[in-house]
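Since the structure comes first, as structure tokens, the remarks are kept for the end.
What follows is calculated from the coordinates using simple rules that are stated; it is not laboratory data. This is a predicted model, so every value here is computed, not measured. Don't worry about glycine lacking a Cβ; one is built from the backbone with ideal geometry, like all the others, and counts go over all protein chains shown.
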Amino acid sequence: MSLIRAAKPQGTGARVGDAARASGAVVLTDVVKRYGRGPGAVTALDGVSLRVEPGSFTCLLGASGCGKSTLLSLVAGLDDLTAGSIDDVERPVAMMFQEPALFPWLTVAGNVELALRVRGVGRAERRQRAAELLDTVRLEGFAHKRPHELSGGMRQRVALARALAQDASVLLMDEPFGALDAMTRDILHDELERIWRERELTVLFVTHNVREAVRLGDQVVLLSSRPGRVLNVYDVAMDRPRRIDSAPVANLAAEITDALRAEVSRHAG
Amino acid sequence: MATAVKGVEKAVERRHHEIPPVDDEEQAAGRASRPRGKRRLGPGKAIPFGYLIGPLLLLGVWFWGSAAGWIDPRVLTAPWTVATTAWDLWESGRLGPDLLVSARRFAFGLAFGVGAGLVLALVSGLSRWGEAIVDGPVQIKRSIPNLALLPLLLLWFGIDERMKIITIALGVLIPIYLHTHNGLRSIDGRYAELAETLRLGPAAFIGRVVLPGALPGFFLGLRFAVTASWLSLVVVEQVNATSGIGYMMLLAGTYGQTDVIIVGLVLYGLLGLGSDAIVRIAQRRVLSWRRTLED
Ligand SMILES: Nc1ncnc2c1ncn2[C@@H]1O[C@H](COP(=O)(O)OP(=O)(O)OP(=O)(O)O)[C@@H](O)[C@H]1O
Ligand SMILES: [Mg+2]
């Protein structure tokens, strides 16, 4: 079954819908998102077209405020589009928000288990799976703490564990590793890559770290400054697992950084 | 050597009590003049049993004023007279039953009021239709004092316990409803988004997100409700009763027994303070996940 979300007067949605149904891809066509009305309106996204293949890893790069978080919440279906269409096969989407959103009244384990409970996982298995996932994000021993007792990076990792607990086939991640030290981040890159392969996830990953984008992505999408448009899509044809400090990663990252810098200064000037 | 060790001990002790260091040695050692771990803004660390200090001060003034002869015992009975009167009343078996009757009315009124207020707040907080139907009448009730309702309630329910408990419950219902409803509606929108991406069903959303999120509001309402319950109790017992602390005071008033009246007032005060303390302790425990200036 296909789920087509489109702005009310739309014409292209159906055709693209067929394409998505056939391939299982997430397809964005001329997506426009405007906040507010009248002279105070902000155009966050202005005609974004993007195709995310099933089982692929896509990284989104762009200046602050260019609409990356907006794009993710549109794909997650949390907000309505102004124009254009987003088209994916109806299937569960897991989202990791930019600010790690945990329920403060639940323990760390409780937050992770909630995602499992929704899926009808039994009590004993829930406990065990939550412990495993907390192990994966290196938070063993923190299961019974409350979110306010954790550091920002630890909260991000709990949110990651919960997103993985949802067992969704599409994973939307908004700067998930922004608050982590380089070592922990490296380890989590490896873990994320492993899980992505094992579960054949489709990942849409927002980051400000160009090297991280090249380290992880099959494709790296560069967005323009506000209003956001797709400026360039880089295909990363390097063998995995990649090392974030290897020369090929650094070279491509340098190229993308130059393009990003040009875009940011074009807007500043 | 010995003095150095002693100095360290002293420093440790001082930090423990969070008194700002005034030692020249520490200043010279480049320590910050502000002790570490202490927040500069906000009320500071909780004082153990701090909520007792104000009432005890009041009691002290009363004692001192009576002992020094500044307070005429005909106007305000001395505290020791009140104590002996209370003891005599207790001994003669007059205070015990009255106290029990009052406590029962308080407890039942509070329980029914909290229950009703909670149900109404949920109905009106969770659905627009519920709000359209429930909110208006509650706001109307809110602007009518219990005292004004009393004649009507008397006509409807007579003068038995039922009428008293209903009157108290009506007073309790309002703060519970207002604060719980407000708590429900002011839950951070991000939690709803989060619940949506987690695909929580309506039941799980209410049970795991809405109710815990509304708890801070509910507890605030509960504190007002406990007060409201005592206030309504006084009204009910002084307007129409043949038992209870209020009735005891009313009777004492006609015989000019100031000391008995004061015993009643002190009892109301103690019970009010005690029940508020219980609610606060419960609030602390249940809302331990919050980080507020309270901690
Ligand atoms: N709910 C909203 N209401 C109004 N404007 C919004 C809203 N959300 C986002 N915007 C605007 O849309 C634009 C894009 O915001 P968005 O959060 O998507 O940026 P971003 O690319 O994620 O930035 P960052 O890298 O800083 O997280 C911004 O100009 C912002 O002001
Ligand atoms: Mg963002």
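Tabulated data
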item: Fewest-first ranking of A:SER225, A:SER246, B:SER232, using other Cβ atoms within 10 Å as the exposure measure; result: A:SER246, A:SER225, B:SER232
item: Highest-fluctuation residue, B:GLY125, B:GLY69, B:GLY42 considered, GNM on chain B with Cα pairs under 10 Å; result: B:GLY42
item: About the Cα centre, charge dipole magnitude for the protein assembly as shown (Lys/Arg +1, Asp/Glu -1 at Cβ), debye; result: 380 debye
item: Degrees, to the nearest 10: A:247-268 long Cα axis against longest axis of chain A; result: 50 degrees
item: Cα shape, chain B, gyration tensor, a/c 1.5 rule; result: oblate
item: Most mobile listed residue (B:TYR247, B:TYR191, B:TYR177) in chain B, GNM with C-alpha springs under 10 Å; result: B:TYR191
item: Cα-based Kirkwood hydrodynamic radius, the stretch B:102-225, one decimal, Å; result: 15.5 Å
item: ³J(HN,Hα) computed for each position of the stretch B:218-229 - Karplus, 6.51 cos²θ - 1.76 cosθ + 1.60, integer Hz, glycine/proline x; result: 4, 5, 4, x, 5, 5, 5, 5, 4, 4, 4, 5
item: Peptide A:103-114, shielding by other chains (average Cβ, 10 Å cutoff); result: 4
item: Amide H partners (placed H, <5 Å) of A:SER49, local residues excluded; result: A:ASP30, A:VAL31, A:VAL230
item: Shielding by partners, peptide B:202-215 (average Cβ within 10 angstrom, other chains); result: 2
item: Phi-based couplings in Hz for the stretch B:116-129 (Karplus 6.51, -1.76, 1.60; Gly and Pro marked x); result: 5, x, 5, 4, 4, 5, 5, 4, 7, x, 9, 9, 5, 5
item: Highest to lowest packing among A:50-58, B:57-65, scored as the average C-beta count within 10 Å; result: A:50-58, B:57-65
item: 5 angstrom amide H check on A:LEU60, placed H, neighbours 5+ away; result: A:PHE205, A:VAL206, A:THR207, A:VAL221
item: Sites excluded, GluC sites (Glu not before Pro) in DSSP loops with at most 14 other C-beta within 10 Å, longest stretch of chain B; result: B:19-293
item: Peptide A:94-101, shielding by other chains (average Cβ, 10 Å cutoff); result: 3
item: Relative contact order %, chain B, counting alpha carbon pairs below 8 Å whose residues are six or more apart; result: 21 percent
item: Antiparallel bridges, percent of DSSP beta bridges restricted to the protein assembly as shown (to nearest 5); result: 55 percent
item: Positive-end residue of B:VAL234, B:ALA111, B:PRO202, charge dipole of the stretch B:74-286 with Cβ unit charges; result: B:PRO202
item: Protection-proxy order for peptides B:182-188, A:195-201, A:43-49, each taking the mean of Cβ atoms within 10 Å per residue, highest first; result: A:43-49, B:182-188, A:195-201
item: Overall form of the protein assembly as shown per C-alpha gyration tensor (a/c, 1.5; a/b vs b/c); result: prolate
item: Full-stretch length increase - B:ALA116, B:TRP90 - with 0.36 nm per residue and alpha-carbon distance subtracted; result: 5.8 nm
item: Counted charge near A:LYS68, where neighbours are those whose Cβ lies closer than 10 Å (Asp, Glu -1; Lys, Arg +1); result: -2
item: Projected label distance in nm at A:GLU149 and B:ILE144, using a 7 Å step from Cα toward the beta-carbon; result: 5.0 nm
item: Simple Cβ-charge dipole of chain B, Lys/Arg +1 and Asp/Glu -1, about Cα centre, in debye nearest 20; result: 980 debye
item: From phi via Karplus (6.51, -1.76, 1.60), per-residue ³J(HN,Hα) for the stretch B:244-253 in Hz, x at Gly/Pro; result: x, 4, x, 5, 4, 5, 4, 4, 4, x
item: Degrees separating the helix A:182-199 axis from the principal Cα axis of chain A, which is the longest one; result: 80 degrees
item: Among A:THR184, A:THR82, A:THR29: highest mean-square fluctuation, GNM of chain A, C-alpha pairs under 10 Å; result: A:THR184
item: Charge-dipole axis of the protein assembly as shown as Lys and Arg at +1 and Asp and Glu at -1 on Cβ define it, positive-most pick from A:SER224, B:VAL123, B:VAL101; result: B:VAL101
item: Chain A, relative contact order [Cα under 8 Å, separation at least 6], %; result: 24 percent
